[in-house]
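Presented below is the structure to which this report refers.
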Amino acid sequence: MKKILITGGAGFIGSHVVRRFVNNYPNCQIFNLDALTYAGNLENITDIQDAPNYTFIKGDIVDVDFINDLFQKHQFEGVLHLAAESHVDRSITDPLSFVRTNVIGTMNLLNAAKTIWAGAMEGKRFYHVSTDEVYGSLGATGLFTETTPYDPNSPYSASKASSDHFVRAYGETYGLPYVITNCSNNYGPNHFPEKLIPLFINNIITKKSLPVYGDGNYTRDWLFVEDHAVAIDLVFHEGKNHETYNIGGFNEWKNIDLVKLLCQQMDEKLGRIEGESAKLITYVKDRPGHDLRYAIDASKINKELGWKPSVTFEEGLERTIDWYLSNEAWLKNVTSGEYAKYYYSQYQ
Ligand code: NAD
Ligand code: TYD
């Protein structure tokens, strides 16, 4: 049985990828390696936890001996690397933890893969999941393509850019068979409520203020998480070695417009009078180094692999809201304990 390692599979995007691989590839043994940080949650994947082709391993990618032993033991043929510190605001208060996980952790995986695949790279694949934030910030026009120069502005994007460079360097220097994808902002079920959409859904439910950074005119391109998982599956199986593919939603929104739409949809869902949730909008101090605009040109993956988003924003947002409203226990569990401390230090 082919053994595939997915890192970060208890997180937001990773849980959707693990589910897809476990369900779609019964002839592969899927190993989910996750340290279960504040962002990792096994409740995200209870539906597949007993599948015969699924194994969960709790462990830290920064622990070099553990990673080397794991690769020696299982001789993985494919690696999909999603484990990361992923929140820009946390990277501003604690940049070093981003270097540890995103740079050193990626290095440990690269070294372990290079060692076990030495002399037999054929058929192997190291898939590094990255972000559009490595390209920096756009002005009012233009799109990021695969050849846009890297220009990261936050400690998060700098750490992801660094790891992307190491993956490429291992391809050039040691012939490691890799693919990289750089994706735009994801949204959907199981998203930890520190990022814009799930944070604001939670705050609307609990009638807390909605902290919009700066003037709210920052722009992001939003993609439904299951469409990202489909793209990852496709690139893992059909992408070309040593290539990068941009993935995006063709779906740009100014933060303030998105928040107003969310308020409107939540008012309907919660049976509140129109305009009630929008009253919670509060403009707060801007994020330092805040990137003005991200927008992805995803034509390469479309032309070469036939991928395009299948879920419209209206549908995706409705599915997301419905998921949060019917998974109150999940939301309560992840917002208890440490979350309150984080929230207080970030927003008070
Ligand atoms: P997430 O924060 O929800 O999940 C990260 C997962 O990694 C968690 O389960 C966590 O426990 C695990 N993890 C963290 N440190 C670890 C360590 N040292 N060892 C092992 N596991 C560890 O992140 P996400 O939003 O699901 O993002 C997944 C990947 O996709 C990341 O590489 C991120 O950079 C990238 N990405 C995210 C987005 C987005 O909008 N969320 C967009 C583009 C790319
Ligand atoms: P976020 O979800 O943190 O993703 P990223 O910074 O990786 O794009 O933020 C999305 C946008 O929303 C970004 O422009 C920052 C803004 N934002 C707020 O205005 N208020 C908030 O409380 C958060 C978390 C984000």
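Every listed requirement among (1) part of a loop (DSSP other than H, G, I, E, B); (2) over 30 Å from Lys341 (Cα atoms) is met by Asn108 save one, (1). Just to be sure, is His87 within 21 Å of Leu199 (Cα to Cα) and modelled with pLDDT of 95 or more? Yes.
For (1) part of a loop (DSSP other than H, G, I, E, B); (2) hydrophobic (A, V, I, L, M, F, W, C), each residue gets a yes or a no:
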position: Ala84; (1), (2): yes, yes
position: Asp89; (1), (2): no, no
position: Ala113; (1), (2): no, yes
position: Ser162; (1), (2): no, no
position: Val167; (1), (2): no, yes
position: Thr173; (1), (2): no, no
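Restricting Ile256, Ile180, Ile232 to residues that are away from ligand 2 (no atom under 16 Å from the Cβ) and under 24 Å from Gly289 (Cβ atoms) narrows the list to Ile180. Touching a residue at least 40 places away in the same chain (Cβ under 8 Å), touching a Lys or Arg at 6+ places or on another chain (Cβ under 8 Å) and crowded, with 22+ Cβ neighbours inside 10 Å: is that true of Ile204 in this structure? When the stated conditions are applied, Ile204 does not pass them.
Tell me which helices (runs of 4 or more DSSP H) are completely within the range 192-302 and hold 1 or more residues being within 30 Å of Tyr25 (Cβ to Cβ), or say none if there are none. So that I can check it myself, show each step before the final result.
Numbers: elements: 196-205, 225-238, 255-270.
Correct list: 196-205, 225-238.
Summed over the range 324-348, the residues that are assigned by TED's automatic domain parsing to the domain that holds Tyr213, within 16 Å of ligand 2 (Cβ to nearest atom) and part of a loop (DSSP other than H, G, I, E, B) give a count of 1.
Answer yes or no as to whether Phe21 is closer than 21 Å to Asn108 by Cβ and in contact (Cβ under 8 Å) with a residue 24 or more places away in the chain. No: the conditions fail for Phe21.
Check Asn246, Asn203, Asn190, Asn241 and return the single one that is on the phi < 0 side of the Ramachandran plot and either within 17 Å of the chain's Cα centre (by Cα) or among the aromatic types (Phe, Trp, Tyr) (or both).
Matching residue, one of Asn246, Asn203, Asn190, Asn241: Asn246.
Could you tell me whether the range 336-346 includes any residue that is surrounded by 15 or more Cβ atoms within 10 Å (Cβ to Cβ) and farther than 23 Å from Asn44 by Cα? Yes, the range 336-346 contains a residue that is surrounded by 15 or more Cβ atoms within 10 Å (Cβ to Cβ) and farther than 23 Å from Asn44 by Cα. For Ala158, are the conditions met, namely being surrounded by fewer than 23 Cβ atoms within 10 Å (Cβ to Cβ) and within 15 Å of ligand 1 (Cβ to nearest atom)? Criteria met by Ala158.
The values are calculated or read from the model by the stated rules, or taken from the named source; none is laboratory data. What you see is a predicted model, and the numbers here were worked out from it, not measured in a lab. When we count neighbours, we look across all protein chains shown, and the Cβ atoms used for this are built from the backbone with ideal geometry, even at glycine.
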